[in-house]
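First comes the structure, then the notes that go with it.
The values are calculated or read from the model by the stated rules, or taken from the named source; none is laboratory data. Just so it is clear, the model here is predicted, and its values are computed rather than measured. Using ideal geometry, Cβ is built from the backbone for each residue, glycine included, and neighbour counts are taken over all protein chains shown.
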Amino acid sequence: MSKHTPGPWHLHIGDDYAEVSVQCGDATIEIFNAYRDEECVDADARLIAAAPDMLAALRALDDVNLDVGGVFAREIVDAAIAKAEGEGSK
């Protein structure tokens, strides 16, 4: 399993840029930083900042197996976790 820097990941949206960072010991690691020249930048920053929480939520669904439009939710959850951990297709 690939390890990510534990959260919380911090989101900051300034006048000209959006940034996601995390504190790791004494260092601040910048995970994402982009000028706000496109509409999608704020949404991308929010999605990236939420990634550790979403991964934790997916892991919490370990015993769920609901039929969602003919596809089992368990398969979707497992695929998302594998992708987040670098075990999915590249």
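Overview of values
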item: Neighbours by Cβ (under 7 Å, 6+ apart or cross-chain): first from the range 69-90, under 18 Å from Asp53 (Cα atoms); second of a type in the set (D, E, K, R) and modelled with pLDDT under 80; result: none
item: Qualifying positions in the range 1-36 - farther than 27 Å from Ala79 by Cβ and either part of a loop (DSSP other than H, G, I, E, B) or acidic (Asp, Glu) (or both); result: Gly14, Asp15, Asp16, Glu19, Gly25, Asp26, Glu30, Arg36
item: Set Gly69, Gly86: member being farther than 15 Å from Gly7 by Cβ, within 14 Å of the chain's Cα centre (by Cα) and modelled with pLDDT under 85; result: Gly86
item: Selected residue [touching an Asp or Glu at 6+ places or on another chain (Cβ under 6 Å) and at pLDDT 90 or above] from Ala49, Ala18, Ala45; result: Ala18
